[in-house]
Each structure stands twice: as structure tokens, then as C-alpha cells.
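Just below is one structure, and these are the notes that go with it.
Computed from the coordinates by the stated procedures, all read-outs in this text should not be read as laboratory data. Bear in mind the structure is a predicted one, so any value in this text is a computation, not a measurement. Because the Cβ atoms are built from the backbone with ideal geometry, glycine has one as well, and the counts that use them run over all protein chains shown.
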């Protein structure tokens, strides 16, 4: 990685950090791009070159993780059972250090109070699920259009979302991967009611 790339990455991270602090302390809607530029010690034109909008700043850490489940699944041994591989992929995505977990809590709190970026979050979840569907199909030789592929991806994403939502609301908090394991055991118990044909 060249010096210019390293410098650009540091500038980008500084902008995100300053913006998140401002969003948390004074509100997303109340924070201006000018305030972010001033806090990050960059010119306003430089800020817009990195991030054309506030929405892209607050979503940047989440966007950086899109495709994580698919990548984790691709990294698993090809002969490994798909269900086991998906479990490992969930752990890979949910296993974060304490500072990353704290940042995620702050981000979600900001997004919960910001209608525009929150709506965009659903688009990102859809993108994550679509990439996972492609990874499942590639791994198994199935067509992406096959219903079981979509159902498998949806189920995996449901476990991920529920684990994160429950983790955010718990006091004291368990590890997100531990909650995911608990949810998977419920799925495996046979207690889930599946709609039947009338």
C-alpha cells in the first residue's frame, strides 16, 4: 500500500470518526458538512470528494462490511457441510473486538433516530443477502433463482439480524455469536412453526 493510499485512508477514517461523534452529540440532522470538515481539519471540497453526503459518512462503516457473510462462506473448506459453513460464517461476522462492538452500538443508535440513513440500511441488508445467495449457489452448484437458496440466505440473515438486535437490547450483553448459537438451536429444535399448505 502506497503512502498516498495510506494517507487517504487515514483522512477517510478521521472524517468518519469526527462525523460519528458529532452525530452522537448533537444529532444527525443538526450536523452540517461544514462542521464535519472543520472537525476533521479538511477543506469542504476535500470532504465532498471523500463523501458526497452525510448519509454516506454514517453508513460507511456498515457499507465496508457488506459482503462479509458471503466472503466468510467462500473462505470455508469446499467439502464442509453447508449448514456448518454458514454457522462458521455467522461467527466470523459476529466476532468483533470490544471497540468495534461499541462503535456499532453508537452507529445503530444514530441510525434509529435518522429516517433517511435508516431507510438506506434496508437496501444494504438486501445487498448483503443477495451476495450470500450468490455464494450459496456458487458453493453448491445450484442456480441463484432456486427457492431453497433464497430461503437459506433469508434464514441466515434472520439469525444475524435477530442476534444483533437482541445483543443491543440486553443488559448485561452477551456476545452476539453466543446469541446466534442460541437462535440456531431453536431452529434445529423443531419448535419453529412453518406455514402449511391449506
Length gained when the stretch residue 194-residue 105 is fully extended (0.36 nm per residue, less Cα-Cα span): 28.8 nm
Value of relative contact order over the chain, rounded to a whole percent, pairs C-alpha under 8 Å and six or more apart: 18
Among 180-187, 156-163, the order from most to least packed when residues are scored by Cβ within 10 Å on average: 156-163, 180-187
Ordering of 52-62, 72-82 by burial proxy (mean other Cβ atoms within 10 Å per residue, highest first): 52-62, 72-82
Ranked list, fewest to most other Cβ atoms within 10 Å of each Cβ, for 51, 23: 51, 23
Shape call, the range 111-180: gyration tensor on alpha carbons, a/c limit 1.5: oblate
Sites residue 168 and residue 6 - FRET efficiency at Förster radius 30 Å, r taken between beta-carbons, to 0.05: 0.35
Ranked list, fewest to most other Cβ atoms within 10 Å of each Cβ, for 50, 28: 50, 28
Prolate/oblate/rounded call for the chain, Cα gyration tensor, a/c under 1.5 rounded: prolate
Extension gain, residue 79 back to residue 55 (0.36 nm per residue minus Cα-Cα distance, nm): 4.5 nm
Paramagnetic reach from residue 123 (point 7 Å along Cα→Cβ, amide N under 20 Å) across the range 37-52: 48-52
